[in-house]
Amino acid sequence: MPLLPPEGIAAREARWCRRANHYGRRRGIRIAFSALSRLGDGVFWYMLMGALVLADGLDGLQASIHMAATGAVALTLYKGLKRWTRRPRPFAADLRIRAWVAPLDEYSFPSGHTLHAVSFTVVALAYYPWLAPLLVPFTAGVAMSRVVLGLHYPSDVLAATGIGLLLGTASLQLWPLAL
């Protein structure tokens, strides 16, 4: 049996999803959020890790390995949570919500894209705070894209943000920077 929010909250959240998803009908918005979501699949993060190694040598390698290790934990964590909660995606639960891109898996909670983006951003900014003007808006865009594209509820994204913050922060405590 799926773990779902109380009925009143679920109805309100479904309305928010329908409202956000409606923006996807605009071609330019759909293309922008689809691109953000696709980059959030990992492409952006792998390119960033490679760029850090090329630009900063061994220090960039250390940051990239730290990000990759945090990402491996994030992957395990979000897959386990999805299997446990089995929350249907918004487009599967409400026929008025359209999936503007194909989902990577069946369940909604939590948003893996958001969890990874937030945890990667926390770790990357610990090493390179000057990347904040790039990473913070990108991460927010990835999170918003998941709701607009009909793939996640706002609570999936909010929970993933919290989990990503905790995971990124914990990884910095367990793997202190050697700077």
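Just a few scattered comments:
- Three-way shape label, the stretch 1-103, alpha-carbon gyration tensor, a/c 1.5: oblate
- In the elastic network of the chain, a GNM with C-alpha springs shorter than 10 Å, the most mobile of LEU166, LEU149, LEU95 is LEU95.
- Solvent-accessible heavy-atom area per residue, rounded to whole Å², over the chain at 1.4 Å: 53 Å²
- Other residues lying with their Cβ under 14 Å from the Cβ of TYR128 contribute a combined charge of -2, Lys and Arg counting +1, Asp and Glu -1.
- Each of SER34 and LEU61 was given a label point 7 Å from its Cα along the Cα-to-Cβ line. The distance between the two points is 4.0 nm.
- Average 1/r across all pairs of distinct alpha carbons in the chain, invert it, and you get the Kirkwood radius: 16.7 Å.
- Equivalent ellipsoid dimensions for the stretch 58-132 as semi-axes, Å, which come from the Cα gyration tensor, largest first: 31, 14, 9
- Among PRO137, ILE97, PRO154 the positive-end extreme of the charge dipole of the chain (Cβ point charges): ILE97
- Three-way shape label, the stretch 45-101, alpha-carbon gyration tensor, a/c 1.5: oblate
- The stretch 45-74-the stretch 111-143 distance, computed between alpha-carbon centres (Å): 13 Å
- Only Lys, Arg, Asp and Glu carry charge here, each on its Cβ (+1 for the first two, -1 for the last two); on that basis the stretch 28-179 has a dipole of about 620 debye about its Cα centre.
- Rounded percent of accessible protein surface that carbon and sulfur make up, the chain, 1.4 Å probe: 69 percent
- Here the extension length gained between LEU104 and LEU174 equals 22.2 nm, from 0.36 nm per residue of separation less the Cα-Cα distance.
- Per-pair calculated FRET efficiency, R0 = 22 Å: LEU165 and ALA10 via Cβ, rounded to 0.05: 0.35
- Structure remark: mean-square fluctuation, Gaussian network model of the chain, C-alpha springs under 10 Å; the largest value among MET47, MET144, MET67 belongs to MET47.
- Chymotrypsin sites (Phe, Trp or Tyr not before Pro) lying in DSSP loop within the stretch 1-102, provided at most 16 other Cβ fall within 10 Å: none
The values are calculated or read from the model by the stated rules, or taken from the named source; none is laboratory data. This structure is a prediction, so every number in the text was calculated from the model and none was measured. Cβ atoms come from the backbone with ideal geometry, glycine included; neighbour counts cover every protein chain shown. These area figures cover heavy atoms from the full protein model, side chains too; ligands, DNA and RNA do not enter into them. Shrake-Rupley method; radii C 1.70, N 1.55, O 1.52, S 1.80 Å.
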